[in-house]
Amino acid sequence: MKKTISLSLILLILLTVLLAGCTTQPAGPGGTQPPTLTPTPTTTPVITTTATTTVATVAANPPRVRILSPEDVGIAGPTNFTVTVAVENFQLVDALGGANVPGEGHIHYFLDVDAPTTPGVPAIPATGRYAPTANTTYTWTEVPGGYHIVAVELVNNDHTPLIPPATDTITVIVGREGAGGGGGGGGGY
């Protein structure tokens, strides 16, 4: 609608300028000479537009966490298993619950729940089990046999997710044969 009004206004101005710039010459003696139109020089309006684009900035080397073991869809152990992770571009510190410092924090390990990634909200799940630590390994104990989701997330000192989130998730099979009752992890840390 705004472009239509602007374009119509520009065309109206151009038409007015063109018509105003045309003059007639007076008739010669006897009034028999037809009028001649003499155009008056005009300037053409220049229309410019500016486009603004907003791009989210992402650090050249954002923090990253990867689960090294156990393997995805691998057998994790009869009832206990250890998760080992690699952390890049992030300093692990034992300041759980402290003031946030850019580029530092700790890891949350999750069992049978996805890593919560809502900005500004502590990454503490309502269900499943989780464990906050500054260590690159964590051992889950007394895990029922079957398939389980294992997730890890880098978080700030106050337990809130990084922006953008840094997470990794795998599925493990607990038990010698991988058989058994599956099911959730129950209670929190």
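Tabulated values for the structure
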item: Cα shape, the range 64-174, gyration tensor, a/c 1.5 rule; result: prolate
item: Karplus (6.51, -1.76, 1.60) ³J(HN,Hα), θ = phi - 60°, over the range 155-168, in Hz, Gly and Pro reported as x; result: 10, 6, 4, 8, 6, 7, x, 6, 10, x, x, 10, 9, 8
item: Net length gained if the chain between Val121 and Asn135 were fully extended (0.36 nm per residue, minus Cα distance); result: 2.8 nm
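Computed from the coordinates by the stated procedures, all read-outs in this text should not be read as laboratory data. Fair warning: this is a prediction, and the values are worked out from it, not measured in the lab.
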